[in-house]
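One structure is given here, and the rest of the page talks about it.
Just so it is clear, none of the values below were taken in a lab; they were calculated from the coordinates. If you're wondering where the values come from, they're calculated on a predicted model, not measured in any experiment. Here the Cβ is made from the backbone with ideal geometry for all residues, glycine too, and neighbour counts use every protein chain on show.
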Amino acid sequence: MGIFDDIKTGLDQAIAHEKGILKAKTTVLTVEPIGCFAPEEIKAIRKSTGLTQKLFAGYLGVSVKTVEAWESGRNHPEGAACRLLSMTQKDPSFPQKSGIVSLSEEN
């Protein structure tokens with residue numbers, strides 16, 4: 001099928017949809033709600049990645065003091081940090097897979 005045929009088919013489908021003959025396909029996307037994390041969950045997520053508090057803080061884009069506060073329960077993560085925590089909880093290798101954290105060999 002050539003490009004002309006593809007365009008003609010698309011136009012025929014658009015006309016059929018407009019006339020009510022053809023129902024258009026729709027895709028529904030939903031965004032999962034942002035989770036809340038208890039201090040012990042945050043620490044477990046960090047440990048599952050093998051990252052120190054300093055590296056974990058860098059990964060999340062927060063200070064080490066913030067990670068310490070989350071892990072001790074003095075403060076709680078919000079927004080994007082919670083989304084990253086959720087993604088990391090599901091896949092502890094996400095920091096490396098995403099390219100945010102990289103491994104290097106030292107001699």
**Prompt:** Under 25 Å from the Cα of Lys97, which lysines turn up, not counting those fewer than eight places away in the same chain?
**Reply:** Lys43, Lys47, Lys54
**Complete:** In the neighbourhood of Ala57 defined by beta carbon distances under 9 Å, the net charge of the other residues (Lys, Arg +1; Asp, Glu -1) is +1
**Complete:** Over the chain, the sum of -39500 (n - 2.57) across DSSP H runs of at least four, divided by residue number and rounded to 500 deg cm²/dmol, gives at 222 nm -16500 deg cm²/dmol
**Fill in**
With +1 on the Cβ of every Lys and Arg and -1 on the Cβ of every Asp and Glu, the dipole magnitude of the stretch 39-97 about its Cα centre, in debye rounded to the nearest 20, is 140 debye
**Request:** In whole angstrom, note down how far apart the Cα centers of the stretch 5-31 and the stretch 67-107 are.
**Result:** 42 Å
**Request:** Excluding residues on the same chain fewer than 8 positions from Lys23, give the lysines whose Cα lies under 21 Å from its Cα.
**Result:** Lys8
**Asked** Nearest 10 degrees, 0 to 90: what angle lies between the long axis of helix 3-18 and the longest principal axis of the chain (Cα atoms)?
**Response** 90 degrees
**Asked** Going through the stretch 1-93, which GluC sites (Glu not before Pro) have at most 12 other Cβ atoms within 10 Å and a DSSP loop state?
**Response** Glu78
**Prompt:** So for the stretch 59-107, taking the charge dipole from beta-carbon charges (+1 Lys/Arg, -1 Asp/Glu), which of Ala80, Val101, Ser63 sits furthest toward the positive end?
**Reply:** Ala80
**Request:** Could you give the size of the charge dipole of the chain about its Cα centre, using +1 on the Cβ of each K and R and -1 on the Cβ of each D and E, expressed in debye and rounded to the nearest 20?
**Result:** 220 debye
**For the chain, the longest site-free run once trypsin sites (Lys or Arg not before Pro) in DSSP loop states with at most 12 other Cβ atoms within 10 Å are removed** = 26-73
